[in-house]
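Values in this text are rule-based calculations from the coordinates and carry no lab data. Quick caveat, the model's predicted, so the values are computed rather than measured. Cβ placement follows ideal geometry from the backbone for every residue including glycine, while neighbour counts extend to all protein chains displayed.
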Amino acid sequence: MTIRHLIPAAAAVIVFAVSGCATTGRGSVDVKRFHLGVPVTRGTIALVPANSAGSFSLEYRTYADAVSGELRAQGFTPAPVDSSPAYVATLTITQNVSVGPPRPSPFSIGIGGGGFTGGRGGVGIGGGVGIPVGHGRRDAVEVDAIGIAIKRTADQTLIWEGNAQAIIDTRSPQASLARAVPSMARILLDGFPGVSGVTQHVPL
């Protein structure tokens, strides 16, 4: 069985419900995961940015360390990409501000189709983070998101991918990637591999 058969093509794009999220202060996280439904043997894993230009930035390293820590907690051993790790995990991070109803998730979850792609209005880590006009308005919410896609190095098979999106009132002290990324990584990877194909709504 291949990961392509897990969901119909029509379900490739995730749209998250955001009703009520902007008024909670701390915000909330929606997560969704897809995998083959078989046990994943733990081993070494290299974490790489979707945008390779950002791999040496302090900003990326801060977020990568948080994600690597959560992978370690799930039994993986973080390793350099040039050490022939058993797995390679690609990390994408975006940040947007939306005035009024937030836009859909900035990721297309590409089961069988190549993983995550950055969305309109945000840029992946490594290229900077775009904050449109409206930050701090009463009706503005920050939309932070991370995507992780894990491939088995031996045969380049995509074995797991997941997305976490946080919706936070821009006036909240929680409205920053530095606070959101560790929380999203913990929630996304908790209980790895997790339930496949189900969107979960978790307080931030």
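Available extension along the chain between ALA53 and THR153 is 33.8 nm, counting 0.36 nm per residue and deducting the alpha carbon span. Local charge for SER196 was computed over the other residues whose Cβ lies under 13 Å away, with Lys and Arg +1 and Asp and Glu -1, and equals +1. Here the Karplus relation 6.51 cos²θ - 1.76 cosθ + 1.60, evaluated at θ = phi - 60°, turns the backbone of segment 82-96 into coupling constants of 8, 9, 6, x, 5, 9, 10, 10, 9, 10, 10, 10, 9, 9, 9 Hz, with x for every Gly and Pro. For LEU47, the residues whose modelled amide H falls within less than 5 Å of its own, excluding neighbours fewer than 5 places apart on the same chain, are ALA79, ALA89.
What is the sum of charges around ALA178, taking Lys and Arg as +1, Asp and Glu as -1, for the other residues whose C-beta is under 13 Å from the C-beta of ALA178? Walk me through the numbers on the way to the answer.
On the way: positive: ARG61, ARG179; negative: GLU59, ASP65, GLU142, ASP144.
So the surrounding residues net to -2.
Extension gain for THR199 to ARG72 (0.36 nm times residue separation, less C-alpha to C-alpha distance): 43.3 nm. Among the chymotrypsin sites (Phe, Trp or Tyr not before Pro) in segment 28-71, those located in a DSSP loop and surrounded by at most 16 other Cβ atoms within 10 Å of their own Cβ are PHE56. 3J(HN,Hα) couplings calculated from phi for segment 145-152 with the Karplus curve 6.51 cos²θ - 1.76 cosθ + 1.60 (θ = phi - 60°) are, in sequence order, 8, 10, x, 10, 10, 10, 10, 7 Hz; Gly and Pro show x. Between SER176 and ARG42, the FRET efficiency estimated from the beta carbon spacing at R0 = 41 angstrom works out to 0.85. Coupling constants for segment 57-72 follow from the phi torsions by the Karplus curve (6.51 cos²θ - 1.76 cosθ + 1.60, θ = phi - 60°), and in residue order they are 6, 5, 4, 4, 4, 4, 6, 5, 4, 5, 5, 4, x, 6, 4, 4 Hz; glycine and proline get x.
Put a dot 7 Å past the Cα of VAL81, heading toward its Cβ, do the same for ASP190, and the two dots end up 3.0 nm apart.
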